[in-house]
Amino acid sequence: MLIVMKQDATADEIAAVVTIINTMGYEARPMPGRQRTTVGLVGNDGRVDASTIEGMAGVAEIIHVSKPYKQVSREWKAESTRIALPDGTTIGDREVVVMAGPCSVESEEQILAAARAVKAAGATVLRGGAFKPRSSPYAFQGLARRGLELLDLAREETGLLIVTEAMDTEGLEAVAEVADIIQIGARSMQNYPLLKACGKLRKPILLKRGLAATITELLLSAEYILAEGNTNVMLCERGIRSFDTTTRNLFDVAAIPVVHSLSHLPIIADPSHGTGHRDMVPPMARAAVAAGADGLLVEVHPNPERAMSDGAQSLFPDQFERMMREVGAIADVIGRSLATVGSAV
Ligand code: PEP
Ligand code: MN
């Protein structure tokens, strides 16, 4: 439930609304806006008597959020969320942020070569998994803490920001120390203890859509993070399982405008896991930017044929460079531009 205050509501009137919500045993989230303040009532279990609040001084109207997810909905917050990154760029605004790099961090030589290549092509964030959730327990599981150290090294050398996955609550702290953006993988989308732990942090979280999750389920998972207080959440479309095995997953381009209409949170597109084949990645990256994606997450490897994971969907550096020029041109057509450090608007 949302309590919309009048434009001229005083600080005392807003405070009185907060107090009554707390007295009823719920949490109040005052959200000052450009025009007026709204106060969110968190945790409504259907027993709230709206009429008590409706009659209070300074209250303009009460909005009942109809969706199962509340704080992530556009009803709750009409303005798009903008996530400020440490390099001065912003996710969820005009800029399209490109995050690129290998599926896994494999060695110092590999991650540094990847970092230099994606930076030269214009990416501002380096991706690379140190903790890898693999379908087989016998597959390469990542370099773990050593992988985090190598990402740190790559950031030091290139100035790129780092996005990397946290697989469990035990490893979250170590990942949070190094990552500028913490990735929650598709397989963890419904790991509720992990989502709650991310909610206690203030670092940006990139939440990937589950392997067979509906958009509603994705938004409900994001709600877990916001409910704990972290509003710096971006969603990620990475394809869903379908009956057709021609592609690894079915890349749901429509999820991009759907998420934008249902939620104020930014949405990133991952055409690498979305298709599973490197030749399909650039066309789907172009489609995603055209559809309004706020960023791209793309796998690029200095030597994809020797990659320890996801080589078939990893771009060669020269392919990535071409893709960047193409998505840059598309961004331009729709009044956006690729994020570059120092170009923040
Ligand atoms: C990844 O980004 O390398 C990854 C494991 O992705 P997903 O969780 O989408 O499968
Ligand atoms: Mn991968």
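Here THR52 fulfils each of the conditions (1) under 30 Å from LEU315 (Cβ atoms); (2) outside any strand (DSSP E or B) apart from (1).
For the stretch 129-164, filtered to residues that are of a type in the set (Gly, Ala, Ser) and more than 15 Å from ALA174 (Cβ to Cβ), the residue that is farthest from ligand 2 (Cβ to nearest atom) is GLY159.
Name the residues in the stretch 223-273 that are within 16 Å of ligand 2 (Cβ to nearest atom) and of a type in the set (A, V, I, L, M), would you? Matches in the stretch 223-273: ILE240, ILE268, ALA269.
Here's the yes/no breakdown for (1) within 16 Å of GLY101 (Cβ to Cβ); (2) buried (at least 20 other Cβ atoms within 10 Å of the Cβ):
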position	(1), (2)
GLN313	yes, yes
PHE316	yes, no
MET323	yes, yes
ILE330	no, no
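Within the set of pairs 6 or more residues apart or between chains, which connect a residue that is touching a residue at least 40 places away in the same chain (Cβ under 8 Å) and within 13 Å of ILE267 (Cβ to Cβ) inside the stretch 201-213 to a residue that is away from ligand 2 (no atom under 16 Å from the Cβ) and of a type in the set (S, T, N, Q) with Cβ atoms less than 9 Å apart? The qualifying pairs are ARG209/SER221.
For the stretch 332-345: of the residues being surrounded by fewer than 24 Cβ atoms within 10 Å (Cβ to Cβ) and outside any loop (DSSP other than H, G, I, E, B), which is nearest to ligand 2 (Cβ to nearest atom)? Restricting to residues being surrounded by fewer than 24 Cβ atoms within 10 Å (Cβ to Cβ) and outside any loop (DSSP other than H, G, I, E, B), the top hit is SER337. Has the stretch 115-129 got at least one residue that is out of contact with any Leu (no Cβ under 9 Å at 6 or more places or on another chain) and charged (D, E, K, R)? The answer is yes, given that some residue of the stretch 115-129 is out of contact with any Leu (no Cβ under 9 Å at 6 or more places or on another chain) and charged (D, E, K, R). Residues in the stretch 111-128 that are within 14 Å of ligand 2 (Cβ to nearest atom) and either surrounded by fewer than 23 Cβ atoms within 10 Å (Cβ to Cβ) or in contact (Cβ under 8 Å) with a residue 40 or more places away in the chain (or both): ALA114, ARG127.
Does at least one position in the stretch 136-156 carry a residue that is in contact with a Leu (Cβ under 8 Å, 6 or more places away or on another chain), within 26 Å of SER263 (Cα to Cα) and either modelled with pLDDT of 95 or more or not assigned by TED's automatic domain parsing to the domain that holds VAL289 (or both)? Scanning the stretch 136-156, I find no residue that is in contact with a Leu (Cβ under 8 Å, 6 or more places away or on another chain), within 26 Å of SER263 (Cα to Cα) and either modelled with pLDDT of 95 or more or not assigned by TED's automatic domain parsing to the domain that holds VAL289 (or both), so the answer is no.
Here VAL17, VAL98 are screened, and the one residue that is in the same structural domain as ILE182 (by TED's automatic domain parsing), in contact (Cβ under 8 Å) with a residue 24 or more places away in the chain and over 23 Å from LEU262 (Cβ atoms) is VAL98. Summed over the stretch 123-143, residues that are within 22 Å of the chain's Cα centre (by Cα) and farther than 20 Å from MET189 by Cα total 4.
A residue that is without any contact (Cβ under 8 Å) to a residue 24 or more places away in the chain and either away from ligand 2 (no atom under 16 Å from the Cβ) or under 15 Å from the mean Cα position of the chain (by Cα) (or both) occurs somewhere in the stretch 280-298.
The values are calculated or read from the model by the stated rules, or taken from the named source; none is laboratory data. All values reported here derive from a predicted model rather than from experimental measurement. Neighbour counts are summed over all protein chains in view; Cβ atoms, including those assigned to glycine, are modelled from backbone coordinates with ideal geometry.
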